[in-house]
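The values are calculated or read from the model by the stated rules, or taken from the named source; none is laboratory data. Everything quoted here is computed from the prediction, not taken from an experiment. Positions of Cβ are backbone-derived with ideal geometry, glycine not excepted, and every protein chain shown enters the neighbour counts. Surface areas here come from the heavy atoms of the whole protein model, side chains and all, with no ligands, DNA or RNA. Shrake-Rupley method; radii C 1.70, N 1.55, O 1.52, S 1.80 Å.
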Amino acid sequence: FPFVVAMPQCHKKDWWANPAMEAQALQALDQTLKEFKGDPQRLYLTGLSMGGYGTWALGSQNPGRFAALVPVCGGIRLPPGHDIPNARDTDDSADPYTAVARKIGKTPVWVFHGDADDRVPVTESRQMVEALKAAGGNVRYTEYPGVKHDSWDKAYDEPELVPWLLAQKLSSDK
């Protein structure tokens, strides 16, 4: 990929929506951006599984910071039977999908999920896509038939993904 990539790791028994984890991820991003002279107008945020949850969380908590979001098999509400002590929903409002969609606004988003995912319900992505559409967002959705939780293999292999990302840039008036 023609990118500089920062890949912070979430602590064991923690969750990306935890403010300490968000701060760690943003610190790693800022340090990488400075060290490698990155373009702050072309910051892209992606993550898979728990990182997909983190993509929604960081993207919604930092509107206008990222030129595009690519959540892969993530969600807003915790998956059933989770066993992570610090885990919490991305947003705790009555309608968290609408709340997150409003915060993300017009940031371009390309969502990926397998329809046979047995870890994170595909309804998480479907509901977020519908909420983004209802909020006037800029969203694409790719759902892979028969694919379980490992939809990231297909998502990151999509021939259009890299060109699509590179076409996204924050406007200079932000």
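Based on this model, can you work out whether Gln9 counts as part of a loop (DSSP other than H, G, I, E, B) and either without any contact (Cβ under 8 Å) to a residue 24 or more places away in the chain or in contact with a Cys (Cβ under 6 Å, 6 or more places away or on another chain) (or both)? In short, yes.
Scan Val162, Val100, Val139 and give me the residue that is touching a strand residue (DSSP E or B) at 6+ places or on another chain (Cβ under 6 Å) and either modelled with pLDDT under 95 or not charged (D, E, K, R) (or both). Answer to the check: Val139. Any chance segment 106-122 includes a residue that's in contact with an Asp or Glu (Cβ under 7 Å, 6 or more places away or on another chain) and either among the basic types (Lys, Arg) or within 18 Å of Met50 (Cβ to Cβ) (or both)? So far as segment 106-122 goes, yes, one or more of its residues are in contact with an Asp or Glu (Cβ under 7 Å, 6 or more places away or on another chain) and either among the basic types (Lys, Arg) or within 18 Å of Met50 (Cβ to Cβ) (or both).
Taking segment 91-107 as the range and being out of contact with any Leu (no Cβ under 8 Å at 6 or more places or on another chain) and part of a loop (DSSP other than H, G, I, E, B) as the test, the residues that pass are Asp91, Asp92, Ser93, Ala94, Asp95, Gly105, Lys106. If a residue has to be open to solvent by less than 50 Å² (accessible area, probe 1.4 Å) and not in a helix (DSSP H, G or I) to count, how many in segment 17-43 make the cut? Adding up the residues that qualify gives 4.
Scan segment 87-96 and tell me whether some residue there is of a type in the set (S, T, N, Q), over 16 Å from Tyr44 (Cα atoms) and without any contact (Cβ under 8 Å) to a residue 12 or more places away in the chain. Yes, segment 87-96 has at least one match. Contact map, segment 134-147: first residue within 15 Å of Glu158 (Cβ to Cβ), second residue surrounded by 18 or more Cβ atoms within 10 Å (Cβ to Cβ) and at pLDDT 95 or above, Cβ cut-off under 6 Å, separation 6 or more or different chains; pairs are Arg140/Trp110; Tyr141/Val111; Tyr141/Val129; Thr142/Phe112; Glu143/His113; Tyr144/Gly114; Tyr144/Ser151; Val147/Gly114. When Pro8 is tested against (1) surrounded by 15 or more Cβ atoms within 10 Å (Cβ to Cβ); (2) in contact with a Pro (Cβ under 8 Å, 6 or more places away or on another chain), just one condition goes unmet, and that condition is (2). If you check Gly105, Gly81 for being modelled with pLDDT of 95 or more, open to solvent by 10 Å² or more (accessible area, probe 1.4 Å) and small (Gly, Ala, Ser), only one passes: Gly105.
Can we say Gly47 is part of a helix (DSSP H, G or I), closer than 24 Å to Glu124 by Cβ and of a type outside the set (A, V, I, L, M, F, W, C)?
Working: part of a helix (DSSP H, G or I): no; closer than 24 Å to Glu124 by Cβ: yes; of a type outside the set (A, V, I, L, M, F, W, C): yes.
Answer is no for this residue.
Scanning segment 108-150 for residues that are loosely packed, with under 15 Cβ neighbours inside 10 Å, of a type in the set (A, V, I, L, M, F, W, C) and assigned to a loop (DSSP other than H, G, I, E, B) yields a count of 1.
Scanning segment 50-78 for residues that are of a type in the set (Gly, Ala, Ser) and either assigned to a helix (DSSP H, G or I) or open to solvent by less than 10 Å² (accessible area, probe 1.4 Å) (or both) yields Gly51, Gly52, Gly54, Ala57, Gly59, Ser60, Ala67, Ala68, Gly74, Gly75.
To keep it simple, each residue is scored yes or no on (1) of a type in the set (Lys, Arg); (2) at positive phi; (3) in contact with a Gly (Cβ under 6 Å, 6 or more places away or on another chain).
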| site | (1), (2), (3) |
| --- | --- |
| Leu48 | no, no, no |
| Asn62 | no, no, no |
| Cys73 | no, yes, yes |
| Ala116 | no, no, yes |
| Ser125 | no, no, no |
